[in-house]
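Enquirer: One structure is given below, represented as structure tokens, and several questions about it will come after.
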Amino acid sequence: MIAFVLSNQNLPFAIALALMLAIAILEGVTTLIGAGLSDLLDSMLPDMGVDMDVDLDVDADLDADFHAPGLFTKLLSWLRVGEVPVLMLVIVFLTAFGLIGLFSQSMALRILGHMLPAALASLPVLVVTFPVVRICGGILGRVIPKDETESVSEESFVGRVAVITLGRAERGKPAQARLSDQHGQAHYIMVEPDGDDLSFEQGTTVLIVRHEGALFKAIENPSAALTD
């Protein structure tokens, strides 16, 4: 079994599982010293978009322009980032990728008599892993216990100030924003301008005025005295 897991064909999957174990151990250690890795990773998330101000514009209707930050933002939202701690999603991804990869190679060995090359086996496993992360993230979002700080209604976000952290918000192209609730807990939401002629660049401070489904409508921050 060990020889199978550590074979060259299974190297990406073995590395993923090893990383998952290392992250779990590191989270335990950092929690003991009072600085949880999960909280640290969540606080660093907005910085992921600092150098992504690229205007490769494509509309969701398949017209000519492609908006890379908007696409990345939608992918993060689809993967439940903001609903579930990022570290938990990373662990789910690594576990699913590793286990699905080992299972697929085991089936290939049984059916074909040999395992597939690592690169060839990794691509379909990666495609399958993303939906698994989304499904597991949805389940975790419903079952993980929430303390008083986290148990806030999304309706309470209306009237609060948020900062665009990833992408460029336009009508029909929401971007990720960060705001703090009444307990000081950070939340990441998808924001869209409340007006056809508005757009918000990354780093812009906005005022949340409405909540519609998974989206929040915002206007420009009317007062410098209002801060996140």
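Enquirer: Quick check: residue separation of Arg171 and Arg210 times 0.36 nm, minus the Cα distance between them. What number comes out in nm? List each step's numbers first, then the result.
Expert: Values: separation 39, 0.36 × 39 = 14.04 nm, distance 1.40 nm.
Gain on stretching Arg171 to Arg210: 12.6 nm.
Enquirer: Given a Förster distance of 22 Å, report the FRET efficiency between Ser156 and Leu198 from their Cβ-Cβ distance, rounded to the nearest 0.05.
Expert: Details: r = 23 Å, r/R0 = 1.06.
The computed FRET efficiency comes out at 0.40.
Enquirer: Beyond 20 Å, how much of the Cα-Cα pair distribution for the range 154-220 remains, as a whole percent?
Expert: Above the 20 Å cut-off, the range 154-220 has 13 percent of its Cα pairs.
Enquirer: Would you kindly derive the ³J(HN,Hα) couplings of the range 178-193 from the backbone phi angles with the Karplus curve 6.51 cos²θ - 1.76 cosθ + 1.60 (θ = phi - 60°), listing them in order in whole Hz, with x for Gly and Pro?
Expert: These are the phi-based 3J(HN,Hα) values: 10, 9, 10, 7, 5, 9, x, 7, 7, 10, 10, 10, 9, 10, 10, x Hz.
Enquirer: Please give, to one decimal in nm, the separation of the simple spin-label points placed at Leu140 and His114, each 7 Å out from Cα toward the Cβ.
Expert: 3.8
Each value in this text was obtained by applying a stated rule to the coordinates, not by laboratory testing. Just so we're clear, the structure is a prediction, and the values are computed from it rather than from any experiment. All Cβ positions, even for glycine, are placed from backbone atoms using ideal geometry, and neighbour counts span all protein chains on display.
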